[in-house]
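These notes are about the structure you will find just below.
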Amino acid sequence: MLGLNKKDFSLLLVVAALTLFAPFILNPFPEGSGMAQFNAGYPDLMQRFVIFGIFAIGFNILLGLTGYLSFGHAAFLGVGSYSAVWMFKLLSMNVIPAILLAVVVSGLFALVIGFISLRRSGIYFSILTLAFAQMSFNLAYSVLTPITNGETGLQLTLNDPRVLGQSATADGSIPVTSLFGLEMRSTFEMTLGPWLFQFNAGYYLCALILLLSFYLSIRIFRSPFGLMLRAIKSNQTRLNYTGLNARPYTLAAFVISGMYAGLAGALMASMDPLAGAERMQWTASGEVVLMTILGGAGTLIGPVLGAGFIKYFENIFSKINDTVLHGWFEFMPDGLENLIVGILHPFIGKGWHLTLGLLFMLVVIFLPGGLVEGGQRIAKLFRRKKPDDAGDNAQSTPAE
Amino acid sequence: MDAIILQILNGLDKGSAYALIALGLTLIFGTLGVVNFAHGALFMIGAFCAVTLSRILNFSFETIDPTKTDFLGNPAKIKTTYVEHWFGADFGATIIDWAVPLAILFSIPIMILFGFIVERGLIKHFYKRPHADQILVTYGLAIVLQEIIKAFYGANPIPTPAPDVFKGSFDFGTLLGFEPNAIIYPYWRLVYFAFSALIISGVFAFLRFTTFGMVVRAGMADRETVGLLGLNIDKRFTFMFGLAAAVAGVAGVMYAPINSPNYHMGMDFLVLSFVVVVVGGMGSLPGAVLAGFLLGILESFASMNEVKSLIPGIDQIIIYVVAIIILLTRPRGLMGRKGVMED
Amino acid sequence: MGILEVKNVNKRFGGLQALGDVNLSVAENSVHAIIGPNGAGKSTLLNCLVGKLIPDTGSVMFDGQSVLGRTPYEINQMGISRVFQTPEIFGDLTVMENMMIPCFAKRDGAFRLHAIAPTDDEKEIVEKAERMLEDMNMAGKRHMPAASMSRGDKRRLEIGMCLAQEPRLLLLDEPTAGMARADTNNTIDLLKQIKDERDITIAIIEHDMHVVFSLAERITVLAQGTPLVEDTPDNIKGHPKVREAYLGETA
């Protein structure tokens, strides 16, 4: 189907179902119940899930396939955001030209940075990308203020020309982003008994693009190009002595992943038309590294899982406070209750990053394959016999 | 001329910090072969050792002084720190005033112990893993450490003053025969420079003149052979990590008065010190020190108004530009050795 | 005029003269062995042929074209394949994937971006790789990760990968180093078979005299970076200079 084998196609279907029904899946608790605050099915957050998913899918094409660890990909995300906002300022509020420009500009930017950084490999490559990203961040904050609007960030104003649109709406406010008239912020609300589900146009646009991005990444993984990238990760010496030039392959992977980042940046700006330099900081690049590794670098679904996992728990954890904890452990004797709440306190609310850091370390130490490997190990426990059979078959039977 | 000297001096203190962190990074990398992204966090913890000691010294108890009243007319409560109580008011106040230098003594055992724990508990298991894994796990550690500090000390910078004697500035220009006030330089920065020079010479002397240091240097040149000699490399590795942590720690302690400690100062310094290490040459200790000072001074030159008007924004990117040029033209850095991290 | 002509090649490392005035001519479709004691410069010479090192002076011509100044992948694309002392294969990939990569390299050159069509749809490549695996007698292992195979199988795969590129010159760097006797004999048989079935020139650097004398048609003896003699195996066996420089050392 669609040029995918059965397994990949069903993976695509799973992702499609998850994103399509996310407004239901993420809102399991009825409105007004005590647990309702842990619902994640509101547009703003769901948009973030898929946008970071796209970012991580792209990053995985570089890290997962070639093994090159870039600490500078946030720069491309930032460039994408700036380009998109400029498109909103100059051309129109339609998101399509903004997205296209962002992808092209970030691709060109990645071409330049990749061309230079990929002259070195290993840790030197990581540090070169880090240096470039910090440079872009510093420049965006200082000299490039005419383009980036410095610390304030780039925003829409009533004075923007918007040659194909309008500078201001009839009632004198700044127009909103749209897809040929469909406003990105428009949300259809559905009430089912005590449950409230929200279907947001912007979210569904992002979800659709996520599916396309995911599909494209499957195709890349299964293509000869993907094979070459994995070969680069596995053994560059053999690759060189097999008559293949590794550099254009890695550069292509770098540019593609940079374009994915630019796409994510453009979508961020399309949902909320502003762009700030902090999106380019190296710690923001670190976040996509966390997502990809946590989910499982080099696997198809891993980065999406990682992005969803981090953004979901970031949201949940930051909402748990001591009062909530006391509620949970009420049944315990007072002393014990206070002790447990005291122990958990640093990990919740604003302490989410501590939890994330610990989780990340645990994954790197014990589960180098990330959540995907964790899932596979659990699955193996349940059907221990089957994989052995499969292994035998693979060895004895000729090609299918 | 005076402007140039001023910029060199200005570059020295930042350069000293870069050099000290880069020195520790290089020690770890050179001996243990580990790329330590948590090194900035060690610097940050050092700075918070200074904060902690000054808080401990300021522990106080309250007494009621019946002879005085506060503005509501109640008998005034007087806070007395225990230190003043025990050592007398004058000497006690001096101790509190000298909290930062005293914190060096306080921080060294803490940092060494902490280094031991981290090396034994975590780093040890990553010697054989790829560099990317080392970067990732130490990056995770850096996040954890900075978040722990944030949980205890909050997100705001905590001003930690230098002793009174070193407050204020020193008119360096008059010494050299310039106009008064031509070159004004804060005393503490001078102290910082002298201190880092001391630490750096200490580390070099240790490596040069002790048997232990000789083995470590041999290990940096050729790890496998030293392993074959049957020397107990493990213990030495642990100690080296402790030493590197202590160097980063004291660098942080002394930096506290220059830049009020905050939880993300480690990450801020980390990127720059990695750049310094790479410019100096992976695995080269003199290279790390040289590049640290060089980049510190270069940075302060780039922030001169004359330079900035010539090339706008150069002060923000000079270090990175230099690093990129060096990496591309001299892959081994300024003083790197052949065969270290080359691929 | 041989397919490979090495003329007056010199290479110094600091104070060490690794190669001094090396002249070598490898005739087309022959098996030429280069032997010599440790440190004779065999590996340095090999590295000069494949683009890893550049000689200080002299020329290296392959099929009338100079290889000097070209990168390893360019030289490989000219028709020189190299087998390493320790097998260099793509350990993380399956045996089949390993075999497909040189097939792509042969068909598409050093770089071609075909990022969308699935690899499995490349019928021509898949068939060629299958055929090569069968030739190498490892069709049954096609789905195994290459790293999990025995050393002998890795060597076999590596040779197969080199052959898939249809090179005109195959360079082997101590192909049986560290192998058990049985694996060594298998490798000898494989190389003999290759020599008989294909139009290919083989240059082999070897320590093991058994391997050298079972395969080589001509032998060059290298000592201290300089060729001592070049002759047929039979003449080399009895040559006094060789005994002195090489066999004498081991006796």
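Nothing in this text is a laboratory measurement; each read-out follows from the coordinates by a stated rule. Note that this is a predicted model, so its numbers are computed, not measured. All Cβ positions, even for glycine, are placed from backbone atoms using ideal geometry, and neighbour counts span all protein chains on display.
Express the relative contact order of chain A as a whole percentage, based on alpha carbon pairs under 8 Å and six or more residues apart in sequence. Provide the component values of the computation, followed by the final result.
Values: 634 pairs, mean separation 107.2, N = 400.
Over chain A, the number comes to 27 percent.
Kindly state, to the nearest 0.05, the FRET efficiency for A:S10 paired with C:E197, given R0 = 51 Å and r defined as their beta-carbon distance.
Values: r = 45 Å, r/R0 = 0.87.
Once rounded, the FRET efficiency stands at 0.70.
For the modelled label position 7 Å from the Cα of A:L111 along Cα-to-Cβ, which residues of the stretch A:225-252 have backbone nitrogen atoms closer than 12 Å?
What the label zone holds, given the 12 Å backbone N cut-off, is A:252.
Test of understanding: what is the full-extension gain from A:S167 to A:E183, defined as 0.36 nm times their sequence separation minus their Cα-Cα distance?
Working: separation 16, 0.36 × 16 = 5.76 nm, distance 1.63 nm.
Between A:S167 and A:E183, full extension yields an extra 4.1 nm.
Report, in whole Å, the centroid distance computed from the Cα atoms of the stretch C:156-225 and the stretch A:215-233.
First find each Cα centre; the distance between them is then 33 Å.
Rounded, prolate or oblate: which one fits the stretch A:1-131, using the alpha carbon gyration tensor with axes a ≥ b ≥ c (rounded when a/c is under 1.5, else prolate when a/b beats b/c, else oblate)?
Numbers: a/c = 1.88, a/b = 1.47, b/c = 1.28.
Since a/c reaches 1.5 and a/b is larger than b/c, the shape of the stretch A:1-131 is classed as prolate.
What does the charge count near C:A203 come to, summing +1 for each Lys or Arg and -1 for each Asp or Glu among other residues with Cβ under 14 Å from its Cβ?
Values: positive: C:K42, C:R82, C:R168, C:K195, C:R218; negative: C:E5, C:E28, C:D63, C:D173, C:E174, C:E206, C:E217, C:E230.
Spelling it out: positives minus negatives among the neighbours equals -3.
Under a GNM of chain A (C-alpha, springs under 10 Å), which listed residue has the highest mean-square fluctuation: A:M259, A:M190, A:M291?
Top of the fluctuation ranking is A:M190.
In a GNM of chain B with a 10 Å cut-off on Cα contacts, which of B:A162, B:A291, B:A93 has the highest mean-square fluctuation?
B:A93
Taking springs between alpha-carbon atoms closer than 10 angstrom, which of B:A99, B:A22, B:A89 fluctuates most in the Gaussian network model of chain B?
B:A89
List the residues whose amide H sits under 5 Å from the amide H of C:L228, counting only those 5 or more places along or on another chain, with H placed 1.01 Å from N in the peptide plane.
Residues meeting the criterion, in which the H sits 1.01 Å from N, are C:V221, C:L222, C:A223.
Taking every alpha carbon pair in the protein assembly as shown, what does the distance histogram look like in 20 angstrom bins from 0, in percent?
Result returned by the calculation: 11, 35, 35, 15, 3, 0.
Expressed as an acute angle from 0 to 90° and rounded to the nearest 10, what is the orientation of the C-alpha long axis of helix C:95-108 relative to the principal long axis of chain C?
80 degrees
For B:F170, what is the net charge nearby, where nearby means another residue's Cβ is under 14 Å from its Cβ and Lys, Arg count +1, Asp, Glu -1?
Values: positive: B:K167, B:R189; negative: B:D13, B:D171.
Summing Lys and Arg as +1 and Asp and Glu as -1 gives 0.
Among rounded, prolate and oblate, which fits chain B when a ≥ b ≥ c are the square roots of the eigenvalues of its C-alpha gyration tensor, a/c under 1.5 means rounded, and a/b larger than b/c means prolate? Walk me through the numbers before you get to the answer.
Details: a/c = 2.08, a/b = 1.35, b/c = 1.54.
Here chain B falls in the oblate category.
Mind checking the log10 I(q)/I(0) for the stretch B:107-237 at q = 0.16, 0.17, 0.20 Å⁻¹? Debye, one equal scatterer per Cα, no solvent, two decimals.
So the normalised log intensities work out to -1.08, -1.13, -1.27.
Cα centroid distance between the stretch A:166-183 and the stretch B:144-214, in Å?
56 Å
Angle check, please: helix B:2-32 long axis (alpha carbons) against the longest principal axis of chain B (alpha carbons), in degrees 0 to 90, nearest 10.
The answer is roughly 60 degrees.
Under the Kirkwood approximation applied to all pairs of distinct alpha-carbon atoms, what is the hydrodynamic radius of the stretch B:53-171 in Å?
Working: mean 1/r = 0.0539 Å⁻¹.
Result for the stretch B:53-171, one decimal place: 18.6 Å.
Give me log10 I(q)/I(0) at q = 0.08, 0.09, 0.11 Å⁻¹ for the stretch A:6-281, Debye formula, one equal scatterer per alpha-carbon, no solvent.
Here the Debye-derived log intensity ratios amount to -0.38, -0.48, -0.70.
Could you work out [θ]222 nm for chain B from helices alone, using -39500 (n - 2.57) per DSSP H run of at least four and dividing by all its residues? Round to the nearest 500 deg cm²/dmol.
Numbers: 15 runs with 234 residues, N = 343.
About -22500 deg cm²/dmol.
Roughly how big is the stretch B:200-318's charge dipole about its Cα centre, with Cβ charges of +1 (Lys, Arg) and -1 (Asp, Glu), in debye to the nearest 20? All intermediate terms of the calculation are to be shown ahead of the outcome.
Working: 6 positive and 7 negative charges, 80 e Å.
Using Cβ point charges on Lys, Arg, Asp and Glu, the stretch B:200-318 gives about 380 debye.
Once you list every other residue whose beta carbon is under 12 Å from the beta carbon of A:L156, what net charge do they have if Lys and Arg are +1 and Asp and Glu are -1?
Details: positive: A:K89, A:R162; negative: A:D160, A:D272.
Around A:L156, the charge tally is 0.
Label point 7 Å out from A:A36 along Cα-to-Cβ: which residues of the stretch A:146-188 have amide N under 20 Å?
Residues passing the 20 Å test: A:187-188.
Give the calculated FRET efficiency between C:H210 and B:R129 to the nearest 0.05, with a Förster radius of 30 Å applied to their Cβ-Cβ distance.
0.15
Note down the nm distance, to one decimal, between modelled labels 7 Å out along Cα→Cβ at C:T226 and at A:L358.
So the label points at C:T226 and A:L358 sit 7.1 nm apart.
What is the calculated FRET efficiency for C:T57 to A:I378, with r their C-beta to C-beta distance and R₀ = 45 Å, to the nearest 0.05? Let's see the in-between values first.
Numbers: r = 64 Å, r/R0 = 1.41.
With a Förster radius of 45 Å, E is 0.10.
Can you give the Rg to Rh ratio for chain C, taking only C-alpha atoms and Rh from Kirkwood? If you can, show how the numbers build up before the last one.
On the way: Rg = 18.6 Å, Rh = 18.9 Å.
Answer for chain C: 0.98.
Stretch B:F204-B:R55 to full length: gain in nm at 0.36 nm per residue minus the Cα-Cα span?
Details: separation 149, 0.36 × 149 = 53.64 nm, distance 3.35 nm.
Gain on extension, B:F204 to B:R55, equals 50.3 nm.
With angles folded into 0 to 90 degrees, how steeply does helix C:181-197 sit against the dominant principal axis of chain C? Use alpha carbons for both and round to 10.
Helix C:181-197 sits roughly 80 degrees off the main axis of chain C.
Provide the packing ranking of A:310-319, C:72-81, A:294-303, A:37-46, i.e. peptides ordered by the mean count of other C-beta atoms within 10 Å per residue, highest first. Intermediate results must be reported in sequence, preceding the final value.
Numbers: A:310-319: 17.4, C:72-81: 21.8, A:294-303: 25.4, A:37-46: 19.1.
Listed from highest to lowest mean packing, they are A:294-303, C:72-81, A:37-46, A:310-319.
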